[in-house]
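The values are calculated or read from the model by the stated rules, or taken from the named source; none is laboratory data. Quick caveat, the model's predicted, so the values are computed rather than measured. Cβ sites come from the backbone with ideal geometry, for glycine too, and all protein chains shown count toward neighbours.
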Amino acid sequence: MYLIVILVVLAAIGLWIVMIYNGLIKLKVRTNEAWSDIDVQLKRRYDLIPNLINTVKGYATHEKELFENVTKARANAMNAQNPEEKGQAENMLTGALKSLFAVSENYPQLRANENFLELQRELSDTENKIQASRRFYNGNVRDLNTKIQIFPDSIVANMLKIGKREFFEIEDEKEKETPKVEF
């Protein structure tokens, strides 16, 4: 009789641990997937920038330093490794792009160029997708970080070496104001 009770209790504990394990793995995978979504949108953004620079170069040939700043900011953003570095690099890139669009206002022919207008539209669309992906990622990070800190889930998380994840942060200024790409 005692043996049956002990086996039932052990089975219940085993099942409970499996449920915690599965929940943690599910959140970990969702968080990784969410970061991948951000990465895809950032790569799309990086791919648009050289085309944008080349289009502007055709009209604003004397803005060499600006083009170099945008190119450097793009390279730094592409080489950032973790969410904190990515956030800082993306803030720098956004500032460089704002400067590029500000300079383009001085060239009415450029503002009327169909290629430039299409690139602006695509970049604006990409910025919106980055924001949506960032919200999805940060929501998953919040859920994962909460779960690994709650007892008894924290015990299983420690055994699996599942650690806290960093949020993908951007400056408040960017959060309040999307880069203007319309003329």
Members of region 144-173 found to be within 11 Å of the chain's Cα centre (by Cα) and of a type in the set (A, V, I, L, M), listed by number: 170
Exclusive hit being touching a residue at least 12 places away in the same chain (Cβ under 8 Å), within 30 Å of residue 155 (Cβ to Cβ) and in a helix (DSSP H, G or I), set 21, 46: 21
Selection within region 11-31 - surrounded by 13 or more Cβ atoms within 10 Å (Cβ to Cβ) and among the polar types (S, T, N, Q): 31
Criterion violated by residue 81 - all others in (1) out of contact with any Phe, Trp or Tyr (no Cβ under 9 Å at 6 or more places or on another chain); (2) not in a loop (DSSP other than H, G, I, E, B) satisfied: (2)
Leading residue by the ranking (surrounded by the fewest Cβ atoms within 10 Å (Cβ to Cβ)) among those in region 144-163 that are among the aliphatic types (A, V, I, L, M) and touching a residue at least 60 places away in the same chain (Cβ under 8 Å): 160
From 103, 141, residue being part of a helix (DSSP H, G or I), under 20 Å from the mean Cα position of the chain (by Cα) and either crowded, with 17+ Cβ neighbours inside 10 Å or among the hydrophobic types (A, V, I, L, M, F, W, C) (or both): 141
Subset of region 114-125 that is among the polar types (S, T, N, Q) and surrounded by fewer than 18 Cβ atoms within 10 Å (Cβ to Cβ) - its residue that is nearest to residue 39 (Cα to Cα): 124
Conditions (1) touching a helix residue (DSSP H, G or I) at 6+ places or on another chain (Cβ under 8 Å); (2) within 19 Å of residue 134 (Cα to Cα); (3) modelled with pLDDT of 90 or more: number failed by residue 86: (3)
Flag for residue 73 being touching a residue at least 40 places away in the same chain (Cβ under 8 Å), touching a helix residue (DSSP H, G or I) at 6+ places or on another chain (Cβ under 9 Å) and either closer than 30 Å to residue 109 by Cβ or not in a helix (DSSP H, G or I) (or both): no
One residue from 70, 56 being over 30 Å from residue 159 (Cα atoms), crowded, with 16+ Cβ neighbours inside 10 Å and over 22 Å from the mean Cα position of the chain (by Cα): 56
